[in-house]
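Just below is one structure, and these are the notes that go with it.
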Amino acid sequence: MTNNQTGRPFVPGITEALIQAAERIMVTDGFSGLSIDGLVTEVGTTRPTFYRRYPSIAHLAFEVIAARFGTGMPVDTGSLYGDLLKLQREDIAMFASPLVRNNLPGLLESVRTDPRVRDRYRDDFVGPRRANVARVIAAAVERGELADRNVDVDMVCDLLVGPILARTLLPVAVSADDRLARQTAQFVVGYLQSTVVE
């Protein structure tokens, strides 16, 4: 939770009520259905109370998503392919959920236009997930599945999440499903085992 101001103490339960109300609206109406006035009216509080907790609607929306999906749990299946497949399945389930699918376009616009939201998205959402991929690659190196070399982790993450985002955001005929999880995990294993990164 972001505490942007000081002053009057928090009223117990208000933050949780805002999160619950926001999640309900995000699932049913999407990001465009969120408004500060609507939320504070539903919860029975005030705009200053909202702003003592969140700088913007987008910050609250990210908190809702973080509360539901966390930052991504570390995995250890014993193989590079197994680890990547588990991460892909978790991300596909997250992006396919109404909570993320109905709100991602609006949230990405906030990321584009608001540096504070961009920092929050990078540090609390993208960063931990990319760190998980880095740990998976390091574990594969330790097991001898990969040569000990300088892997471009950002490129690997882009190869993993790019197809999921494309099928979530674009009007394509195919969906992000378990077949996509298996295909992208296998593709990245092949990429890592065959590509020497300069």
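The values are calculated or read from the model by the stated rules, or taken from the named source; none is laboratory data. The structure displayed is predicted, hence computed values, not measured ones. No Cβ is skipped: glycine too gets one built from the backbone with ideal geometry, and neighbour counts run over all protein chains shown. All accessible areas refer to the heavy atoms of the entire protein, side chains included, with ligands and DNA or RNA removed. Shrake-Rupley method; radii C 1.70, N 1.55, O 1.52, S 1.80 Å.
Things to note:
- Of residues in the stretch 168-189 being modelled with pLDDT of 95 or more and open to solvent by 30 Å² or more (accessible area, probe 1.4 Å), the one farthest from Ala140 (Cα to Cα): Asp177
- Hits in the stretch 123-146 (condition: open to solvent by 20 Å² or more (accessible area, probe 1.4 Å) and farther than 24 Å from Met94 by Cα): Ala138, Ala139, Val141, Glu142, Arg143, Gly144, Glu145
- The stretch 147-167, residues that are under 14 Å from Arg101 (Cα atoms), in contact (Cβ under 8 Å) with a residue 40 or more places away in the chain and buried (at least 17 other Cβ atoms within 10 Å of the Cβ): Ile164
- Complete set of residues in the stretch 159-186 that are in a helix (DSSP H, G or I) and touching a Pro at 6+ places or on another chain (Cβ under 9 Å): Leu169, Leu180, Gln183, Thr184
- Test: residue in the stretch 58-78 that is out of contact with any strand residue (DSSP E or B) (no Cβ under 8 Å at 6 or more places or on another chain), without any contact (Cβ under 8 Å) to a residue 12 or more places away in the chain and open to solvent by 60 Å² or more (accessible area, probe 1.4 Å): yes
- Number of positions in the stretch 140-158 that are under 16 Å from the mean Cα position of the chain (by Cα) and under 14 Å from Leu84 (Cα atoms): 2
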